[in-house]
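Please treat every number below as a calculation from the coordinates, not as lab data. Everything quoted here is computed from the prediction, not taken from an experiment. For neighbour counting, all protein chains shown are included, and Cβ atoms are generated from backbone atoms with ideal geometry for every residue, glycine included.
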Amino acid sequence: MIHEVDEVLKGLFGTGVLAGSGIDVSFEAPTRDWAARRNAPVVNAYLYDIREDVARRQRGQEPVRDAQDVVVRRRRPPRWFRLSYL
């Protein structure tokens, strides 16, 4: 799922400030090897921290309903996470 967040961010960069500028967007952690491979301008936004957002955590189970609005099973509520990019 993290790759989907990366794609959304890349789309925001590509259609926003960087639109038509020819500047690439990278999500790799910068290392000397990474920097040596770059020969064009690049914006680097790499993920450096993932933490669960415990303030949004829910308890119990949620009902899953079918088309007739009948409860067919129960599932745990989704967990929420904060992704920090640098």
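Among the GluC sites (Glu not before Pro) found in the chain, those both in a DSSP coil and sparsely packed, with 14 or fewer other Cβ atoms within 10 Å of their Cβ, are E28. Eigen-decomposition of the gyration tensor built on the alpha-carbon atoms of the chain gives equivalent ellipsoid semi-axes of 39, 17, 10 angstrom, largest listed first. Counting other Cβ atoms within 10 Å, keep those with at most 11, restrict to DSSP loop, and tell me which trypsin sites (Lys or Arg not before Pro) in region 24-86 are left. Those that pass, being in a loop and sparsely packed, are R37, R57, R59, R79. The value of relative contact order for the chain, using C-alpha pairs under 8 Å at least six residues apart, is 24 percent. Classified by the C-alpha gyration tensor, region 1-45 has an oblate form. Its axis ratio a/c, with a ≥ b ≥ c, is 1.5 or above, and a/b does not exceed b/c.
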